[in-house]
Amino acid sequence: MLEISLYFKVKSSGMLFSIDDKLSSRFKYDKLALMTVTIIVGTQWGDEGKGKITDLLARDMDMVVRYQGGNNAGHTVVIGDKTFKLHLIPSGIFYSNVMCVIGNGVVVDPAVLLEEIETLRGQGHAAENLRISTQAHVIFPYHKDLDKAQEKKKESGRIGTTCRGIGPCYVDKYNRRGIRIGDLYDQGLLRQKLAWNLEEKGFYLEKFYGQKVHYNLDSILAEYTGYAHALRHFVAEDSTSLVYEAVKKRKNLLLEGAQGTMLDVDHGTYPYVTSSNPVASGACVGAGFSPKAVDEILGVVKAYVTRVGDGPFPTEIAGGMSDKLRQWGGEYGATTGRPRRCGWFDGVVMKYSSRINGLTSLAVTKLDVLDNVETIKICVAYEYKGRQLKDFPLNLACLEQCQPVYIEMPGWLKPLSKVRNYQELPPHAKNYLAKLAEIAEARVSLISVGAERGQIIKLPS
Ligand code: IMP
């Protein structure tokens, strides 16, 4: 039995307990699977390393479901000397016995999806285990044009989106003008819906954004009918019933979120957010199953914080250290290649994220990126107009004026990339992890110390 000496102080329980106390018969060391239904959620502004964690846990799963977002996401999985970048396909795809579902909550650009399937095939992964919900909404050229036009028009307030048409596609979904995967197989309905949308979007783009567009109904119809034909094999009549069956039979099910809590359209730093609900509760809606079924909510936490795109970021570092973290952590967007803004770990965000998601455990990623940092800062409060705020302020104007209040912790100054066992971690690294766990009020179950699949430290539950 693994011996863990470190004590994690968990405030919510009102007592001090060791990880040993948390050992339960449910945990099997040869299995990474935590429990039956597990949601993986990003706790910061995305890019926490969810792809690697999903891939890792997927080994012991029966099904992985992606529940929101679209090809704005970029999930990187490194297997041996191969690096895979997934945008739409769930990160469990590399296990042929694991069913991978693109859920109803996802928005799908079919050209991108087909390209991803082809790329995987070229790399030896047939993607035969992929299923796509008929209820997922489809991204059309006008969604991308609207996204770009909106970002370009200064007065409309730049968000720094990925310009993949994600927002406008969700707008159509909620405005009940959207076209779903299932609609692609009904020529009459598709023509009717497409004609309406082309007229409306053409008008809007031309009159409001001053952009000349020449959409041709027949050619877009033909293009998307071609995509539909190519994807037919993967489309599930009712993906929610697949999920239901898995839940009913107590199969191991993983719900894979994209982006992160602070980019959630309801709970993030609105309006500098994405257009969906990456938070844990979004998984039930985006995959179509009951909250009663959820056993475990695993928060993926990067050991420092990054953000792509515009919007407030209280712990952002200016200059030197930011550049170093970007370089050491390879912090460039997997989708757009944009350099990510880098900052210190934000405990105020962590606390908020833990509450909103109801985290049951943490996967701390990229701990090795901090190997050479002499003094590591952790933000424990914000200072606002002479007051200290411990809770995340929901008011954007207030948040923009907040200054981080830091505590400092000594760095471990030792390479972690080869560590596979918790006991082998330097004491300062253990202390840092303990502080993160204390803030999140959740135990650490996984620690990632490199991009490779095997560079992981597993802690018992
Ligand atoms: P959209 O999702 O393309 O509409 O972009 C909205 C905001 O979310 C922008 O700030 C993007 O940079 C950010 N965003 C979207 N997807 C991701 C992601 O996968 N990782 C990090 N940021 C993202």
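Ranked by how many other Cβ atoms sit within 10 Å of their own Cβ, fewest first, the residues L396, L88, L254 fall in the order L396, L88, L254. Which entries of K152/K193; K52/K377; K52/K173; K377/K430 show an alpha-carbon separation above 22 angstrom in the structure shown? Among K152/K193; K52/K377; K52/K173; K377/K430, the Cα-Cα distance tops 22 Å for K152/K193; K52/K377; K52/K173.
Radius of gyration (Cα atoms) of the range 137-233, expressed as a multiple of 2.2 N^0.38 Å: 1.09. Look at the dipole of the chain built from charges on Cβ: of L389, G347, G69, the Cα furthest out on the positive end belongs to L389. Between Y244 and N216, the modelled labels are 4.4 nm apart [label points 7 Å from Cα along Cα→Cβ].
For the chain, the share of DSSP beta bridges that are antiparallel, to the nearest 5, is 45%.
Listed from fewest to most Cβ neighbours within 10 Å, the set M321, M63, M409 follows the order M321, M409, M63. Give the separation of the Cα centroids, the range 369-424 to the range 318-349, in Å. Their Cα centres are 14 Å away from one another.
A cut-off of 5 Å between modelled amide H atoms, ignoring neighbours fewer than 5 places along the same chain, links I79 with F84.
Taken along the Cα-to-beta-carbon direction at a fixed 7 Å, the label points for S96 and N372 span 4.2 nm. For the range 186-205 versus the range 235-286, the spacing of their alpha-carbon centroids is 28 Å. With one equal scatterer per alpha carbon and no solvent term, the Debye-computed log10 I(q)/I(0) for the chain at 0.08, 0.09, 0.11 1/Å reads -0.46, -0.58, -0.87. Here's the list of aspartates and glutamates a cross-link from K85 could span, going by alpha-carbon distance under 17 Å and ignoring same-chain residues fewer than 8 apart: D47, E48, D55, D109, E115, E116, E118, E256, E331, E452.
No value in this document is a laboratory result; all are computed from the given coordinates. Values in this document were obtained by computation on a predicted structure and should not be read as measured data. All Cβ positions, glycine included, derive from the backbone under ideal geometry; neighbour counts span all protein chains shown.
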